[in-house]
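For reference, the structure is listed below as structure tokens.
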Amino acid sequence: MIGSEPRYITFDCYGTLTAFGMSAVTRELFTDRVPADRMEDFLDDSEAHRLDEVLGAYKPYRQVLNDALRRTAEKWRIEHRDSDGQAIYESVPNYGPHPDVPEPLAVLADHYPLVILSNAADEQIPSNVDKLGAPFHAVYTAEQAQAYKPRFRAFEYMLDQLGCTPQDVLHVSSSLRYDLMPAHDLRITNKVYVNRGYEPTNPYYGYHEVEDLFGLPPLLGL
């Protein structure tokens, strides 16, 4: 059970609630430049560059994607096309929820104000949130915060907007690197890791672990 009753349940969106289709789109775009037997390595490098791109000063998400792809293409010595980043950016609003999300999310919404903190742009995320099928108290983006997770500034913006302390929220994510590690450092004590297999676990960061979102309501006695 969660140690203390939260005022808000805050969520990462892409990967945690919304099935993140970026790898599939990237794979399709680069099939003519990357051999099939090396595609997973290319996707890993692209993801690593995308993380590195969000650690500095804020820039629009469209530019984050394009710059990460450009750097990855340079590393692989293959052609970079600006149209690739644009295609990936435009695909994001089409992503829908993981199958395990709508039902427990609706249960949680009956008892707690739900909040999203996302690395998305403002114009992208409304469609994804609508597909989740539950009411949200607030949706905060990197564009609003002028900072991306895992930077503290993104979380601090959310807490300031909510007018609450780190101890007032239960933060839920499928990513340690983007969410649960900085949440730990900011002393957000209530955390849940939805283990979708994206990253290895690390109990040091003090979270409850569930296999899917159906495991979250029971942690709150629901």
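All of the numbers you see were taken from the coordinates with simple rules; none came from a lab. Values in this document were obtained by computation on a predicted structure and should not be read as measured data. With ideal geometry, Cβ positions are generated from the backbone for all residues, glycine too; neighbour counts draw on all protein chains shown.
For the range 77-97, the residues whose amide N sits under 20 Å from a probe point set 7 Å from the Cα of D32 along the beta carbon direction are 77-91. Shown in residue order for the range 39-55 are the 3J(HN,Hα) couplings computed by the Karplus curve 6.51 cos²θ - 1.76 cosθ + 1.60 at θ = phi - 60°: 4, 4, 5, 5, 5, 4, 5, 5, 5, 5, 5, 5, 5, 4, 5, 8, 8 Hz (x for Gly and Pro). Neighbours of R77, meaning other residues whose beta-carbon lies under 14 angstrom from its beta-carbon, give a summed charge of +1 when Lys and Arg score +1 and Asp and Glu score -1. If R0 is taken as 30 Å, the Cβ-Cβ distance between L219 and K75 corresponds to a FRET efficiency of 0.15. Ignoring lysines fewer than eight residues from K149 along the same chain, the ones with Cα atoms less than 16 angstrom from its Cα are K59, K191.
Looking at the range 64-109, the trypsin sites (Lys or Arg not before Pro) that sit in a DSSP loop and have at most 13 other Cβ atoms within 10 Å of their own Cβ are R77. Neighbours of Y148, meaning other residues whose beta-carbon lies under 15 angstrom from its beta-carbon, give a summed charge of -2 when Lys and Arg score +1 and Asp and Glu score -1. Remark: C-alpha extents of the range 121-176 on the principal axes read 29, 24, 22 Å, sorted largest to smallest.
Taking the three principal axes of the alpha carbon atoms in the range 31-98, the coordinate ranges are 30, 30, 21 Å, sorted in descending order.
Counting only the backbone N, which residues of the range 194-222 are under 18 Å from the spot 7 Å out from the Cα of D110 toward its beta-carbon? Under cut-off, by backbone N: 213-222.
Taking Cα extents along the principal axes in Å straight from the coordinates, which label in (i) 48, 42, 32; (ii) 52, 34, 33; (iii) 59, 47, 34 is the correct one? After the calculation, the listed value that fits is (ii).
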